[in-house]
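> I am attaching a structure below and will ask some questions about it afterwards.
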Amino acid sequence: KVKKVLTYPERQSQCKHEVLKRLYGIMEEKKTNLCFSGDTTSFAELLEVVEKVGPYICILKTHIDIITDFTAENIHKLKNLASKHNFLLFEDRKFADIGNTVKKQYSEGIYKISEWSDIINAHIIPGPGIIEGLKSAAGEKGLTGKRALLLIAEMSSKGNVATGEYTKACVKMAEENQDFVVGYICQSQLSKDPNFIHMTPGVKLVEGTDSLGQQYLTPKEVITKRNSDIIIVGRGIMNSDDPATTAATYQQAGYDAYLEQCS
Ligand code: 5BU
């Protein structure tokens, strides 16, 4: 039987970016390809649930701008949880403006995302200037190599237009900016190069949809059929009665699928 993907340690030694090396290290050590999307409007609740699911995840994805009780102190607590449980922070900001504007959105304002989020993402609609802008913001804070960007190449929602030529343009832009771009938000594998990781949202244990266009695939489908690397799970864990046990179930499903792929 031919191995379909490289193992995490193989990818870790072959990739160049420091953030990606850290991530593969965490995935190997904790045996998890689960990213939890903590989509709650309460920072207190976010901290509470992350304390429970922390042991099972490699990344916590946030939407910091939906939080009503934002404070710098809570960010400090979140960073402490990330160190304690060894996971990366990914602010799902989906930057989409010209370089000069996103540079300020990333580092300034209330949230100062560049100061705490290891990973961010962006749409490619504005062209490569968006990548330059975000990269320069990280550089000005002395964070070159410590911050990384994912490009949104495909989306999970019904009727989205991130397809075909758009997706191809995204791959080209990623390949031309490997010092900052480390992968894709996508629905299936776009590159076999270990310098690019694939993260897939729209994941639940049972396939289906929500009432606002979200479409779900299972962890097994995402990892073994679509050859993606990371499953992103929000409500599947957040709305469960027992988030820790449910996160463990997703961790196991995702990791078993990976083992099947690389054995
Ligand atoms: P859910 O509760 O598992 O449906 O949450 C999915 C999360 O992933 C949510 O935070 C979305 O904003 C995010 N997402 C997505 O669902 N689909 C996409 O294509 C992208 C992001 Br890009």
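> Which distance in nm do the two modelled labels at residue 66 and residue 47 give, with both placed 7 Å along the Cα-to-Cβ direction?
2.0 nm
> Just need the relative contact order of the chain here, percent rounded to a whole number, with Cα pairs under 8 Å and 6+ apart.
20 percent
> Going by how many other Cβ atoms sit within 10 Å of their own, how do 107, 117, 13 line up, fewest first?
By the 10 Å Cβ count, ascending, the order reads 13, 107, 117.
> Where the centre of each part is set by its Cα atoms, how far does segment 198-249 sit from segment 129-187, in angstrom?
Cα centroid of segment 198-249 versus Cα centroid of segment 129-187: 22 Å apart.
> Right, here's the next one. Can you figure out the FRET efficiency of residue 21 with residue 163, using R₀ = 45 Å and their beta-carbon distance, to the nearest 0.05?
After rounding to 0.05, the efficiency reads 0.90.
> How big is the chain by Rg and Dmax over its Cα atoms, in Å?
Using the Cα atoms of the chain, the pair Rg, Dmax is 17.1, 53 Å.
> Can you work out the FRET efficiency for the pair residue 175 and residue 74, with r the C-beta to C-beta distance and R0 = 22 Å, to the nearest 0.05? Display every interim value, and only then the final one.
Details: r = 37 Å, r/R0 = 1.69.
Taking R0 as 22 Å, the efficiency between residue 175 and residue 74 is 0.05.
> Here is a follow-up. Relative contact order for segment 1-130 using alpha-carbon pairs under 8 Å, separation at least 6, rounded to a whole percent?
Relative contact order for segment 1-130 comes out at 20 percent.
> Over segment 69-144, calculate the relative contact order: mean separation of alpha carbon pairs under 8 Å at least 6 apart, over the residue count, as a percent.
34 percent
> Right, here's the next one. At 10 °C and a viscosity of 1.306 mPa s, what translational diffusion coefficient does Stokes-Einstein give for segment 137-239, taking Rh as the Kirkwood radius over Cα pairs? Give it in µm²/s as a whole number.
Here the translational diffusion coefficient equals 109 µm²/s.
> Now a separate question. If each residue's Cβ is checked for other Cβ atoms within 10 Å, how do 35, 262 rank with the fewest at the top? Mind showing how you got there, number by number?
Numbers: 35 27, 262 13.
Fewest-to-most ranking of 35, 262: 262, 35.
> Could you compute how fast segment 81-131 diffuses translationally, taking Rh as the Kirkwood radius over C-alpha pairs and applying Stokes-Einstein at 4 °C with viscosity 1.567 mPa s? Give it in µm² per second.
Diffusion coefficient, whole number: 111 µm²/s.
> Treating each Cα of segment 1-117 as an identical point scatterer and ignoring solvent, apply the Debye formula and state log10 I(q)/I(0) at q = 0.09, 0.21 Å⁻¹.
-0.29, -1.18
> Rounded to whole Å and ordered largest first, report the semi-axes of the equivalent ellipsoid of segment 178-236 derived from its Cα gyration tensor (root of 5λ).
After scaling each eigenvalue by five and taking roots: 23, 12, 8 Å.
> Okay, moving on. Kindly rank 148-158, 235-245 from highest to lowest mean number of other beta carbons found within 10 Å of each residue.
My ranking of the peptides, most packed first, is 148-158, 235-245.
> Quick one: 233, 206, fewest Cβ neighbours within 10 Å first, how do they rank?
Values: 233 28, 206 7.
By the 10 Å Cβ count, ascending, the order reads 206, 233.
No value in this document is a laboratory result; all are computed from the given coordinates. As the structure is a computational prediction, the values presented were derived from the model and not from experiment. Cβ: placed from backbone, ideal geometry, glycine included. Neighbour counts: every protein chain shown.
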